[in-house]
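Student: Shown below is the structure under consideration.
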Amino acid sequence: MYTIYSATGCTRCKIVMTKMRELSIDYQEYDMKAEGKEAFQRFYAANRKAIYRGPEGVEFPVLTDGQVIRQGLGPALAWLQAGHELDGFFRIGVLHKEWLDGITVSGGDAGKSDDFLAVLRHLKKNAMRLQVETNGKNTEVLASVIKEGLADRLVMSILGPLSLYSKIAGMLISEDEVKKSIALVAQFPEKQFQTSVVPICRDSGEVSYLTPGEIGEAAALIAEAAGNKQQPYLIRLFRPEGTQDEALKQVESINSGMLLPYRSAARVHQVKTEIEKAD
Amino acid sequence: MSYPSIYPTGTTVYDPTKCWNGYTIFQAAEEGALLIDMNGAGVNMWKGLHGFPNKLLPGGQVFGHLGVRNPAYGMQDQTDLVQVDWDGNVVWKFDKYEYIEDPGEPPQWMARQHHDFQRTGNPVGYYVPGMEPQTDKGNTLLLCHKTLKNPKISDKTLLDDTIIEVNWDGEIIWEWCCSDHFDSYGFDEGAKNILARDPNYRLAGGGQGDWMHINTMSVLGPNKWYDAGDERFHPDNIIWDARETNIAAIISKKTGKVVWQIGPNYDSSEQLRKLGWIIGMHHAHMIPRGLPGEGNILIFDNGGWAGYGLPNPGAPKGIKNALRDYSRVIELDPTTLKIVWQYTPTEAGYMMPYDANRFYSPFISSAQRLPNGNTLITEGSGGRIIEVTAEHELVWEYISPYWGKQLKLNMVYRAYRAPYEWVPQLAKPKEVPIAKIEVATFRVPGAASLAPVKETTVVGAKPYLLDPGVLCVAATDE
């Protein structure tokens, strides 16, 4: 028996419960704003480390089969669809109402694309608008998403210049896939290219941020693959709390003002480059 | 108020012994940047060079712009800022702030500059002994526009004001965005309500809210307040004012935060009540070190209509709800907000309030402190540029004869006085005094003289007994 912790009026929770009924999965619902408040408090106290609490509180639904906990609409549906097989494709996002993000075509095993697309179809059937992300990996999956109309907005992270791409990604990503993905995203009606100015461990052993010149190369890569210089391109701040690498967490943070040279370098190749403002 | 249909233009008042003599630069409406001598002779017209504003530089160079964005898509967006030499060659240019693709127009980079800019070496954009703006190096601060949305202010698209600093190579090295600091400007709930509904919505570009309308921006420069330990007045800090919100503020260059401010309301403290409402102001700046009054803030307080707040009969929706039909130039101590000098209709010799709007420009305008203590005032809407002494004597007056064809105004946005030495290309011009003209007897050809043909004594007529107290409206301080 599954347990789902929900909140009164939570549309996303209802979508997950609909899916469980379709799959004939028995479940118990605890509405944490009503009769399930204490049950959720006990569950949360016992599983604090596994449950994400953001600036606006806990993201619902929270789903568990007694062993595994999945939080958020995307991760919950992915678990119901295919268990661990879809790990990496879905994470908790930041968008609300009818928009769902945290969907990454590059994050999981391309061999499980059928199940991945099935989850997206279920979300679209339930009137969700989907922001889908990629860093270039799994181009064929991206192509399928686009072909079936399963995305409303595409966000492509250009990790850096091609020479540093796989290093930054922490895995091998073919240059060809990156360029093909750029070309696909560039033609999509609503899209955003972005690069976070991250610190990387150089061959010398030194840890330093991507340079303005390297961001310029990333912008040039977009221009080459997209065929024009008018793509929306956002240069983003590095967030140390988001990295798993302890060495990178120690690097001194930078602020929006320090991104101006990056913007200047990028604008040579992408005229609509802008920089992210800190919250 | 009555305004004569026929009146002399060019220089109409001139006492060389009392003026700070030099050249005056201003934008002649729809003609170009014009440099005149004290007698009003045009010594160089940079034909077609836009000016928002024009500023003279040492060596006979001038700042201006090559063009403006199609008003259908942008409001007051100058395409660039250029530095032009005496012969019209562009020696420096900046335009790479935003790539603009307007329907039917060639896509291009634009500076989207408006209202002001400053060059390293001189904080305020006008002549200060010992503070020459750099002409072959240095950074430039520009006041620019950015179109964006900020749900804290309104759900409508906003025409926001930004300040950028660019180096000599045209790279943007610093940027400040006005709407980022919305929470710090002190708008009350009435102002926020009307801002949300109508952030001064303008038609250009499919509709944009020109909510602040910053129209001046300059650096404080070295000053006595900072020397005395007041960090608010750090020399690198920037002062600006906004005509729609009636705010003048100083921001920290280091943090971008507001460190000193007057407005948007002027009834929240005894100091501000004594200062009086500053409405639709222009050219708020700190008088630089080296000039009389250094450290004080000089403001052209337009009057007119501005502000956001509760509705009143003059502003039924609450937008532009502060109203006044005369202008004043005020110089105030920024630490006490006391007025240390002013030029208002009273000092100009007009009866208040009856004839107050004889000194009145509801938009544009400026005030420049001169090295001898005089002040050059641009009363812009009527194209009038005057120089007054510290004792308020009018010693120079120039009325622009340049009327626009697209806009039927002889407006002068801002005029600046510069020393003769800044134009080495010319010999020092002759300074010919203009004898004072008695207006009562000044006649155009064909008009009769003053004296009546027949003067008749009426037996029993008593002397006139006139006092402001007998006029139909009360005096301001009655």
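Student: Run the lone-cysteine check on chain A: no other Cys C-beta under 4.7 Å from the residue's C-beta.
Tutor: A:Cys201
Student: What's the center-to-center distance, using Cα atoms, between the range A:103-123 and the range A:158-209 in Å?
Tutor: Result: 21 Å between the Cα centres.
Student: Hey, what did the range B:10-453 get for relative contact order, percent, Cα under 8 Å, at least 6 apart? Don't skip to the answer; put the middle values down first.
Tutor: Values: 1164 pairs, mean separation 68.8, N = 444.
Relative contact order, the range B:10-453: 16 percent.
Student: Given the -39500 (n - 2.57) contribution per DSSP H run of 4+ residues, what per-residue ellipticity at 222 nm results for chain A, rounded to the nearest 500 deg cm²/dmol?
Tutor: Numbers: 10 runs with 98 residues, N = 279.
Helix-only estimate at 222 nm: -10000 deg cm²/dmol.
Student: Classify the range B:268-414 from the C-alpha gyration tensor, please: rounded if a/c falls under 1.5, else prolate or oblate depending on whether a/b exceeds b/c. Write out the running numbers ahead of the final one.
Tutor: Numbers: a/c = 1.71, a/b = 1.08, b/c = 1.59.
Note, shape of the range B:268-414 comes out oblate.
Student: Of B:Lys257/B:Lys338; B:Lys93/B:Lys317; A:Lys19/A:Lys272, which sit over 32 Å apart, Cα to Cα? Spell out each step's value before the answer.
Tutor: Details: B:Lys257/B:Lys338 24 Å; B:Lys93/B:Lys317 42 Å; A:Lys19/A:Lys272 41 Å.
The pairs that break the limit, which is 32 Å between Cα atoms, are B:Lys93/B:Lys317; A:Lys19/A:Lys272.
Student: Let me have the 222 nm mean residue ellipticity of chain B computed from DSSP H runs of 4+ only, each contributing -39500 (n - 2.57), with the sum over all residues rounded to the nearest 500. Could the numbers behind the result be given before it?
Tutor: Numbers: 3 runs with 19 residues, N = 478.
Computed ellipticity for chain B at 222 nm equals -1000 deg cm²/dmol.
Student: Please report, in whole Å, how far the alpha carbons of the protein assembly as shown spread along each principal axis, starting with the longest.
Tutor: Answer, in whole Å and largest first: 117, 59, 53 Å.
Student: Mean 1/r over all different Cα pairs, inverted: what Kirkwood radius does the range B:50-160 give, in Å?
Tutor: Working: mean 1/r = 0.0661 Å⁻¹.
This gives a value of 15.1 Å.
Student: Which of the aspartates and glutamates could a cross-linker span from B:Lys274 if the Cα-Cα distance has to be under 14 Å and same-chain partners fewer than 8 positions apart are dropped?
Tutor: Output for B:Lys274: B:Glu331, B:Asp333, B:Asp477.
Student: Can you give me the C-alpha center-to-center distance between the range A:1-50 and the range A:235-279, rounded to a whole angstrom?
Tutor: 38 Å
Student: Then there's this: Placing unit charges on C-beta atoms (Lys and Arg positive, Asp and Glu negative, everything else neutral), compute the dipole magnitude of chain A about its Cα centre in debye, rounded to 20. Don't jump to the answer; show the numbers that get you there.
Tutor: Working: 34 positive and 36 negative charges, 135 e Å.
Result for chain A is approximately 640 debye, rounded to the nearest 20.
Student: Further question: Size of the dipole of the protein assembly as shown about the Cα centre, Lys and Arg at +1 and Asp and Glu at -1 on the beta carbon, nothing else charged, in debye to 20? Before the final figure, lay out each step's value.
Tutor: On the way: 77 positive and 92 negative charges, 215 e Å.
Dipole size: approximately 1040 debye.
Student: With the contact rule set at Cα under 8 Å and sequence spacing of 6 or more, what percent relative contact order holds for chain A? If you can, show how the numbers build up before the last one.
Tutor: Working: 490 pairs, mean separation 30.6, N = 279.
Value for chain A: 11 percent.
Student: In addition: Indicate the gyration tensor shape class of the range B:10-453 (rounded, prolate or oblate), computed on the Cα atoms with a ≥ b ≥ c the square roots of the eigenvalues: a/c under 1.5 is rounded; otherwise a/b larger than b/c is prolate and the rest oblate.
Tutor: Numbers: a/c = 1.39, a/b = 1.19, b/c = 1.17.
It is rounded, given that a/c, with a ≥ b ≥ c, falls under 1.5.
Student: With the dipole of chain B worked out from charges on the C-beta (+1 for Lys and Arg, -1 for Asp and Glu) around the Cα centre, which of B:Ala415, B:Ala284, B:Ala249 lies farthest toward the positive end?
Tutor: B:Ala415
Student: Pairs to check: B:Lys152/B:Lys320; A:Lys112/A:Lys229; A:Lys249/B:Lys96. Give those whose C-alpha atoms are more than 23 Å from each other in this structure. Intermediate values should be presented prior to the final figure.
Tutor: Values: B:Lys152/B:Lys320 20 Å; A:Lys112/A:Lys229 35 Å; A:Lys249/B:Lys96 35 Å.
Pairs exceeding 23 Å: A:Lys112/A:Lys229; A:Lys249/B:Lys96.
Student: Can you list the aspartates and glutamates whose alpha carbon sits under 18 Å from that of B:Lys18, skipping same-chain ones fewer than 8 residues off?
Tutor: B:Asp37, B:Glu347, B:Glu387, B:Glu391, B:Glu393, B:Glu397, B:Glu431
Student: Within straight cross-link reach of B:Lys405, meaning Cα distance under 25 Å, which lysines are found once same-chain residues fewer than 8 apart are removed?
Tutor: B:Lys47, B:Lys55
Since every read-out is calculated from the coordinates, none of them should be taken as a lab result. Everything numeric in this text was worked out from a predicted model, so none of it was measured. So basically every Cβ, Gly included, is an ideal-geometry build from the backbone, and we count neighbours across all protein chains shown.
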